[in-house]
Amino acid sequence: MARLGFGAAGAAVVALMITTTACGTADRAAVAPEANTSVIAPPPPPDPATVGANELGLVPILMYHQITPAPAGDYDQTPEKFRAELDRLLRENYRPITVSQYVSGAIDLPAGAHPVVLTFDDSTTSQISFTAAGVPAPDTAVGILEQFRADHPEFAPTATFFVNNEAFSGESRALPWLAAHGYEIGAHTATHANLARLDSAGVQREMVENIRAVTAAVPGGQVRSLALPLGISPVDRALAVAGSWGGQPYAFGAVMLVGAEPAPSPFGALDPTAIPRIRSGRAPVPFDSTHWLDRLAENPDQRYTADGDPARISFPRALSAELTARWADRATAY
């Protein structure tokens with residue numbers, strides 16, 4: 001997210017100019033004024049109480065599938081609706097972060113802003129495909145996000161894409177492009193399998209082959225999170241978190257469920273092996289993104305509001321019992 005930095009000040013420059021008069025005897029020296037070497041420090045973040053900071057509040061993690069002019073499934077939506085949801089998030093002072101940033105607590109937002117996590121499942125061409133010029137097509141999810149970035153740089157859109165093998169119909173440019181432009185790539189199993197129907201070896205094979213496909217396309221890339229296909233866990237739930245197949249281990253720091261409700265603060269009662277998401281689809285349904293964004297707008301004290309200092313965790317004193325002990329050294333209650 002936004003970080004302020006300053007380069008070193010330039011050295012003072014002294015210019016000596018020698019001019020010869022008509023008599024050939026007069027020299028004039030002109031010395032440029034010394035450059036200003038002072039650095040203006042950024043202002044300190046405001047008092048948490050003045051922005052109503054609550055970094056123990058709820059975080060909406062939105063789940064998208066197809067972005068298409070003709071939605072067919074319940075999880076599909078039109079480009080117009082997707083743009084409208086981004087407009088709403090911007091108006092209500094949300095700022096996108098990735099799943100990994102969320103689950104690790106690496107949330108660096110302006111004071112008063114709220115984190116939102118945009119996630120995409122199934123790696124379809126409606127999420128990213130390319131024009132003849134080699135840029136994301138304008139009505140794909142990524143094309144819309146990139147145009148939104150150009151129009152609203154303060155929103156700084158990012159997202160996490162949970163992909164299967166043969167991601168984006170085998171478009172070889174897609175995964176490298178996403179990684180190079182700050183988007184996160186997560187696992188969605190090799191074949192979008194119903195993990196509950198596989199034995200332990202089959203579950204682990206799905207994970208490892210998926211990770212191998214991603215890292216083959218993005219050498220050096222890391223796959224840190226998993227979205228369960230269909231929201232269904234394997235019989236041995238631990239295998240959704242860690243395992244090994246073919247001599248290659250895997251471990252996920254975050255396992256995402258299908259649409260449900262806002263997620264807890266990463267500094268509170270978070271279970272990283274079962275993180276809820278909110279569905280966003282073609283038509284209003286109970287507990288979809290509109291329902292929850294409305295509810296958070298009506299109850300702003302319940303949502304995560306940043307204090308502007310990524311090294312500090314601020315919240316009303318009445319919520320102190322909700323802080324997980326491992327974060328206590330960064331806590332500021334007011």
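Descriptive notes on the structure:
- Of I278, I232, I185, the one that fluctuates the most in a GNM where the chain has Cα springs shorter than 10 Å: I232
- Placing +1 on each Lys and Arg Cβ and -1 on each Asp and Glu Cβ, with no other charges, gives the chain a dipole about its Cα centre of roughly 360 debye.
- Each Cα pair under 8 Å and six or more residues apart adds its separation to the average, and for the chain the resulting relative contact order is 23 percent.
Values in this text are rule-based calculations from the coordinates and carry no lab data. Not measured: the values here are computed from a predicted model. Here Cβ is always computed from backbone atoms with ideal geometry, including for glycine, and neighbour counts include all displayed protein chains.
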